[in-house]
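The values are calculated or read from the model by the stated rules, or taken from the named source; none is laboratory data. Every value quoted in this text rests on a predicted model; they were computed, and no experiment measured them. Methodologically, a virtual Cβ is constructed for each residue, glycine included, from the backbone with ideal geometry; neighbour enumeration extends over all protein chains shown. Remember, those area values only see protein heavy atoms, side chains included, never the ligands or the DNA or RNA. Shrake-Rupley method; radii C 1.70, N 1.55, O 1.52, S 1.80 Å.
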Amino acid sequence: MWCTIFLKQMISKYFLWTSVLILNILLFSSCLNSSDNNMEYPTDPQIYAISISSATDTTSLLPGLAFTIDQVNGRIFNREPLPYGFHVDSVMLRLTALSNLAFPKIEITLKPLEPLGEDSTYTWNQSDSIAIPRLYKIETTALDGVTTKTYEFQLNIYDRDPYIINWEKIEGNWLTPPVESQRTIAYKNQFFTYYWSGTEMKAVSTPASDGENWIAVSPLTGMPHTIRLSSLITTKDAIYGLDEASGWVYRSSDGKNWDPVQTETGYKVVALYGELPSATPGNILLAVNHDETLKFAQTNNFSEINPMNDIPANMPVTDFSAIKVESASSYATKFIFLSGGVTTNNLPNNDIWVLQEDEGIIKYITSKRPTEATLQGSSLFFYDDKPYLMAISVGKNLLMYSENYGVNWVKAEENQALPADFTGRTNASVITDANNYIWIFGGISSSNTQLVDIWKGRLNKFALN
């Protein structure tokens, strides 16, 4: 009897729990059906990421290629072109939708194989390779199956060697002979050339965007005849130059009117190295003599000169070439480079110096000197985010550059060589402008003649951008 009662209780208990379980399953299934019927699918058809790869890409450039997706204008393109001569027939393409979901449908439009042919459009299964040279349009469909968006696709490849420098000679009336010495500087979007003609100091100027039409800077007032033209430096607000006779520094805010900068600091200025690259613009690096000791110093207006550490005896103090180096890609890259010139002992400087300010001290190293060229009369300039050097070698000029900010120097390839009719020279003024042109003004020929020609050149990569 007891067993019968126990068995009935067990059957009743398990039947109750089985009933509850079945009821829950039915209710859950009903909820799922209701959810499916009322679900709102995303209506965003935009492409959020794109990548391409190819087995024939032996240089492995494609995986790292960055694409710009212009959602407003419906364009996909790579801002930095692929190298000249790069080619692949087809690629594997990956497109990413909202929240990494897949697109339910993608249509691809290819350009025709023949000039007069028609575009071909097909639905892409998202796994087959695509003829990337012909890819013209991509149309994506959102998860709602209705909303679409069309992108024009462009794979940019340099159609010319981007590292060729194309040189041209600028025709026009620049300087009127006789010319005994000269120096060209860039200041406030203008080029100024100061030169000795007979017994008179003269100056001409032109907008930096022109370079052909020069006008006389007249009257040129206050500039002493004994100013050392090789000492001219510029800041944002002024041009400075050192007078050899008095040892005074002269200043001009307009390139026309000059005044001495009176300094009662007890320090005699020996050299102007240029504006220090720093967070506070306007600080000028100097060489000063104090109690027969040559020191680095800095100032921003010459009313006060702040001495620093001693200058090495073999560093140039006259007739050197100097540039300020501030890298666009490295915040810590802030240097002044010096080449050529004469030391305090009247010996030629045969090194390239790299100077950097560090907590009130100027630290310096000398570069591995280029053996192919003579540094005397060389010209430094900063171009394509690296320091360049134009120097003389066996009567001809060559260009050299450093990929590691002055540690080592290499000779530029033939695609950057100066033209065959470019007269070999020293002491030229070399300037780079905001449009990535290199300007070369005059210089002294091997026969010690002052040259009065102007050349300009630019890398193809900047002409194509």
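Could you say which residue among N78, N100 is loosely packed, with under 12 Cβ neighbours inside 10 Å and more than 16 Å from T148 (Cβ to Cβ)?
After ruling out the rest, the residue left standing is N100.
If I ask for residues that are over 28 Å from the mean Cα position of the chain (by Cα), part of a loop (DSSP other than H, G, I, E, B) and under 23 Å from S321 (Cβ atoms), which ones from the stretch 225-237 would you list?
T226
Among the residues of the stretch 125-168, what is the count of those that are under 30 Å from F441 (Cα atoms) and among the hydroxyl-bearing types (S, T, Y)?
Residues meeting the conditions: 1.
Kindly indicate which of Y405, Y364, Y388 is farther than 22 Å from K456 by Cα, at pLDDT 95 or above and either within 22 Å of the chain's Cα centre (by Cα) or outside any helix (DSSP H, G or I) (or both).
Y364
Does Y267 count as more than 30 Å from N435 (Cα to Cα) and touching a strand residue (DSSP E or B) at 6+ places or on another chain (Cβ under 7 Å)?
It is true that Y267 is more than 30 Å from N435 (Cα to Cα) and touching a strand residue (DSSP E or B) at 6+ places or on another chain (Cβ under 7 Å).
Does any residue of the stretch 191-212 turn out to be part of a loop (DSSP other than H, G, I, E, B), farther than 30 Å from E414 by Cβ and in contact with a Ser or Thr (Cβ under 9 Å, 6 or more places away or on another chain)?
Checked against the condition, which is being part of a loop (DSSP other than H, G, I, E, B), farther than 30 Å from E414 by Cβ and in contact with a Ser or Thr (Cβ under 9 Å, 6 or more places away or on another chain), the stretch 191-212 yields no hits at all.
Checking the condition surrounded by 14 or more Cβ atoms within 10 Å (Cβ to Cβ) and farther than 25 Å from G340 by Cα, which residue from A216, A203 passes?
A203
Could you list, in sequence order, the residues of the stretch 103-128 that are touching a residue at least 24 places away in the same chain (Cβ under 8 Å), of a type in the set (S, T, N, Q) and open to solvent by 60 Å² or more (accessible area, probe 1.4 Å)?
Scanning the stretch 103-128 gives a single hit, Q126.
Can you name the strands (runs of 3 or more DSSP E) wholly within the stretch 147-187 that have at least 3 residues being open to solvent by 60 Å² or more (accessible area, probe 1.4 Å) and either closer than 30 Å to Y48 by Cα or free of Cβ contacts under 8 Å to residues at least 24 places away in the same chain (or both)?
Fully inside the stretch 147-187 and qualifying: 148-154.
Consider the stretch 422-444. How many of its residues are among the aliphatic types (A, V, I, L, M), closer than 19 Å to V179 by Cβ and assigned to a loop (DSSP other than H, G, I, E, B)?
So the answer is 1.
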